[in-house]
Structure formats: C-alpha cells, structure tokens
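Take a look at the structure below.
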C-alpha cells in the first residue's frame, strides 16, 4: 500500500521522488567511501625540527623553519614570529601552520593550537596574555 503522502494530486505514486532519494543516498555513500580511502597527512617526526606548513595550489608542503628546537613551545614561538613578520610587512596572512615532532601546530591571533592529526580538533597550547606574550592556558590572570 502506498502512503497518502507519496501520492501526487491525481492519486498516482511519485516514483521520481523515491528515485531521487535513492540516488542521493548512493552519492553520499560513495563520497564517504572515497573520503575513507584518502590517506591522512602526517606531520614530520624529525627530532628537534620545526616545520612551516604551506599549501600552494592545494598541495601540502613542509618547509624546515629551524633546527635544534628543545620543545613545541620554542617551535610555536618561531612560527608566531613568522606570522607577526608577515603582518608587519603589510601582509594579510593572519594564520601560520606548522609541525613539530609529529604534532600539527596552528597559530592565529587567538593563540597556538595543537593537534595530532591535520583534521583533528586542535586544543589550545598557548594563549595571548594581553601584553604580547604567549602563556599556557590558565597561567595568565585576566583583569
């Protein structure tokens, strides 16, 4: 039996609507399958190396920024210096991305965020203190 909502105003079934929903579902499933097959981008794992991540023409590249960095915070400070230098030169780049020992680093005016995967949810590692410095969240008191 055909549900009354599936009938046209002349009382006939609407097979086009059902076919359209079926095609849409098939398209969504194929997109999910293709997305699941794409390899996850991994951050370089070289010890002590700070990388700047760029994506010219949509392809990710990692450029070596500095060597012999003792920790992620020093790498983030170097990436923040790059961001500020671009802004001081009149550039419009307000975000700089990088990597350190397998971790992705995302820097913008809100602070430094870190994630283990490129598309993962980043968590705050350093936040601005109000006087131009970066500190761990909760370390800086707010007026």
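Descriptive notes on the structure:
- Each residue in the range 58-84 was checked for being under 11 Å from residue 107 (Cα atoms), touching a strand residue (DSSP E or B) at 6+ places or on another chain (Cβ under 6 Å) and touching a residue at least 40 places away in the same chain (Cβ under 8 Å), and 2 of them qualify.
- Search result, residues across the range 96-115 that are without any contact (Cβ under 8 Å) to a residue 24 or more places away in the chain and within 11 Å of the chain's Cα centre (by Cα): 106, 113, 115
- Subset of the range 117-137 [in contact (Cβ under 8 Å) with a residue 40 or more places away in the chain and under 14 Å from the mean Cα position of the chain (by Cα)]: 117, 118, 119
- Condition check for residue 111: loosely packed, with under 12 Cβ neighbours inside 10 Å and assigned by TED's automatic domain parsing to the domain that holds residue 65: no
The values are calculated or read from the model by the stated rules, or taken from the named source; none is laboratory data. All values derive from a computational prediction rather than experimental measurement. Glycine also receives a Cβ, built like all others from the backbone with ideal geometry; neighbour counts cover every protein chain displayed.
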